[in-house]
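K.L.:
Attaching a single structure in structure tokens format; questions to follow.
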Amino acid sequence: MALPLTIAVAGKGGVGKTTTCGMIIDYLCKKKNGPVLVVDADANSNLNEVLGVEVETSLGQIREEMAQAELKGTIPAGMTKADYADFKFNSALIEDDDFDMLVMGRTQGKGCYCYVNGVLKSQVDKYAKNYSYIVMDNEAGMEHIARGTLPHVDIMLLISDCSRRGIQAVARIADMVQDMNLNPGKIGLIVNRAPNGQLDDGVKEEIEKHGLSLFGVLPHDDAVYRCDCAGDPSSKLPETDPMKQELHGIMHTIGL
């Protein structure tokens, strides 16, 4: 069976990375070219809110529950620790009508973050063959990609706002991708929240200075802002929404 096409989304906090990621997922689901697995690997992310789904548990929370069960001796009789872990982690897959989702979350104990990252990798490995697409929302540090959480990376999307500092931040991420020898099939920049969808000359200069490939520019969108304020899922905005329309064009350009 063919490997799923994997898309990794990265950028510093506050630039609209998760909103953009949610709209990419919505776009892929509506194409109906196969099932989509969503991986929320940003411990501070609220991707589920952008997508309009409830998250009852995360891998991090399950890790804590397991630690408490082991400490208190409440693992069900007749189950090994490995069987109990498998049973519990299987419950972390959120099944929606259009996509399935794994949420990494974080844990409280020292050293548990690496453990949960390993669990996330094992879960992705287990489920990957069932999907046509995997979309992962990452922290800016790219630790999850570096640790091989995804089986491979076909498309790396770097998300920035339309500021020089934002471009400098994604340029550092691009350098990390190169230093880690991740070798994605395609890597490029999407600039978000541009007034009237246009970039200032200084921002264009910064993009060129760092040798970033510009996939496209998304306009500032008042409807997205209103969704954020109201707690509504911005990925469900109508197809006529300006940001959605522009993003669809970018997706076509990069072959999605």
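The values are calculated or read from the model by the stated rules, or taken from the named source; none is laboratory data. Owing to the predicted nature of the structure, the values given are computational and were not obtained by experimental measurement. Heads up, the Cβs are rebuilt from the backbone with ideal geometry, glycines too, and the neighbour counts pull from every protein chain shown. When the accessible area is computed, the model is the full protein with side chains, heavy atoms only, and any ligands, DNA or RNA have been set aside. Shrake-Rupley method; radii C 1.70, N 1.55, O 1.52, S 1.80 Å.
K.L.:
Calculate, for the range 11-140, the solvent-accessible area per residue in square angstrom, rolling a 1.4 angstrom probe over the heavy atoms of the protein chains. If you can, show how the numbers build up before the last one.
P.N.:
Numbers: 5970 Å² over 130 residues.
Computed with neighbouring chains in place, this is 46 Å² per residue.
K.L.:
With charges only on Cβ, +1 for K and R and -1 for D and E, what is the dipole size of the chain about its Cα centre, in debye, rounded to 20? Don't skip to the end; give the middle numbers.
P.N.:
On the way: 25 positive and 36 negative charges, 127 e Å.
Once rounded to the nearest 20, the dipole reads 620 debye.
K.L.:
Related question: List every residue whose amide H lies under 5 Å from the amide H of Asp161, counting only residues 5 or more places away in sequence or on a different chain, with H placed 1.01 Å from N in the peptide plane.
P.N.:
Hits under the 5 Å cutoff: Asn192.
K.L.:
Counting DSSP beta bridges in the chain, what percent are antiparallel, to the nearest 5? Could the numbers behind the result be given before it?
P.N.:
Values: 2 of 32 bridges.
Around 5 percent antiparallel, to the nearest 5.
K.L.:
Amide H to amide H, which residues 5 or more places from Lys186 or on other chains are under 5 Å from it, using H placed in the peptide plane?
P.N.:
Ile155, Met156
K.L.:
Highest mean first, what order results for 67-75, 31-39, 228-236, 90-98 on Cβ atoms within 10 Å?
P.N.:
On the way: 67-75: 11.4, 31-39: 18.3, 228-236: 15.6, 90-98: 13.4.
Listed from highest to lowest mean packing, they are 31-39, 228-236, 90-98, 67-75.
K.L.:
Still on this structure: Using per-residue counts of other Cβ atoms within 10 Å, averaged over each peptide, order 201-209, 189-197 from highest down. Mind dumping the intermediate values first?
P.N.:
Numbers: 201-209: 14.3, 189-197: 19.3.
Those peptides, ordered most packed to least, come out 189-197, 201-209.
K.L.:
Which pairs break 21 Å Cα to Cα here: Lys32/Lys236; Lys31/Lys244; Lys12/Lys129; Lys31/Lys121? Working shown, then result.
P.N.:
Numbers: Lys32/Lys236 16 Å; Lys31/Lys244 14 Å; Lys12/Lys129 30 Å; Lys31/Lys121 27 Å.
As for pairs spanning more than 21 Å Cα to Cα, those are Lys12/Lys129; Lys31/Lys121.
K.L.:
Find the centroid of the Cα atoms in the range 153-209 and in the range 1-42, then give the distance between the two in whole Å.
P.N.:
Taking the Cα centre of the range 1-42 as reference, the centre of the range 153-209 is 17 Å away.
K.L.:
Using a probe of 1.4 angstrom, how much of the accessible area of the range 1-83 is carbon and sulfur, in percent? Numbers along the way, then the final one.
P.N.:
Working: 1930 of 3830 Å².
Answer for the range 1-83: carbon and sulfur cover 50 percent of the accessible area.
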